[in-house]
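All remarks here apply to the structure that follows.
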Amino acid sequence: MRVPVGSVDAVSDTECVAVAAGRAVIVRVGNELRAFENRCLHQESPIDGAPIRNGVLSCPLHFWRYHVEDGRLIGSQRSLQRFPIDVVGGEAYVLIPDAAPDRPLREQLLERARTYDRQEAFRSDVAAAQPPSPEAP
């Protein structure tokens with residue numbers, strides 16, 4: 001899907017701006033634009049409105065930091081999903097893949113059943129039920 005963004009000069013270089021009904025964010029880096037999926041790698045929270053300082057964008061909810069040049073998470077090899085941008089006559093367009101169709105609930109449940117580990121789920125439940133250890137004086 002080709003989504004119009006507007007004039008290249010109008011794109012902010014100080015914060016991520018949501019485009020494509022919130023599916024992506026766009027930012028200006030010098031004279032170029034970058035577009036990323038609007039989803040932090042931490043807890044999949046939206047990153048629109050994220051401030052950009054010194055080439056780094058910070059997730060507005062939990063402050064995970066990414067290099068705005070390529071979307072790479074600082075201190076990691078993981079990256080935000082990047083979308084291509086077309087610029088025609090000074091107007092920018094983000095190229096976003098079409099949304100995957102919703103899978104039927106039956107398919108989702110069958111997939112979950114194939115990967116479900118009863119032992120691991122039990123260990124997680126037991127660990128979560130343990131009272132916190134007393135703090136040392």
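Quick one: which of ARG39, ARG23 is surrounded by 12 or more Cβ atoms within 10 Å (Cβ to Cβ), among the charged types (D, E, K, R), farther than 19 Å from GLY90 by Cα and in contact (Cβ under 8 Å) with a residue 60 or more places away in the chain? Show your work before the answer.
Values: ARG39 fails: in contact (Cβ under 8 Å) with a residue 60 or more places away in the chain.
Within the list ARG39, ARG23, the selection yields ARG23.
Filter segment 82-109 for residues that are surrounded by 10 or more Cβ atoms within 10 Å (Cβ to Cβ), outside any loop (DSSP other than H, G, I, E, B) and modelled with pLDDT of 90 or more and give the result.
Matches in segment 82-109: ARG82, PHE83, ILE85, ASP86, VAL87, GLU91, ALA92, TYR93, VAL94, LEU95.
Can you name the residue in segment 30-81 that is assigned to a loop (DSSP other than H, G, I, E, B) and among the hydroxyl-bearing types (Ser, Thr, Tyr) and is also farthest from VAL19 (Cα to Cα) among such residues?
First pass over segment 30-81, keeping only residues assigned to a loop (DSSP other than H, G, I, E, B): 30-31, 38-50, 54-55, 59-64, 68-71, 74-78, 80-81.
The next check asks that each one be among the hydroxyl-bearing types (Ser, Thr, Tyr); those that pass are 45, 76.
Working: SER45: 16, SER76: 26 Å.
Going through the qualifying residues, I end up with SER76.
Check segment 33-48 and report whether any residue there is among the hydroxyl-bearing types (Ser, Thr, Tyr) and under 13 Å from the mean Cα position of the chain (by Cα). Quick ask: steps written out before the conclusion?
Here is the first cut: in segment 33-48, the residues among the hydroxyl-bearing types (Ser, Thr, Tyr) are 45.
Narrowing the set further to residues that are under 13 Å from the mean Cα position of the chain (by Cα) leaves 45.
Looking through segment 33-48, at least one residue is among the hydroxyl-bearing types (Ser, Thr, Tyr) and under 13 Å from the mean Cα position of the chain (by Cα).
The values are calculated or read from the model by the stated rules, or taken from the named source; none is laboratory data. None of the values given here were measured: they were computed from a predicted structure. As a convention, Cβ positions derive from the backbone with ideal geometry for all residues, glycine included, and neighbour counts pool all protein chains shown.
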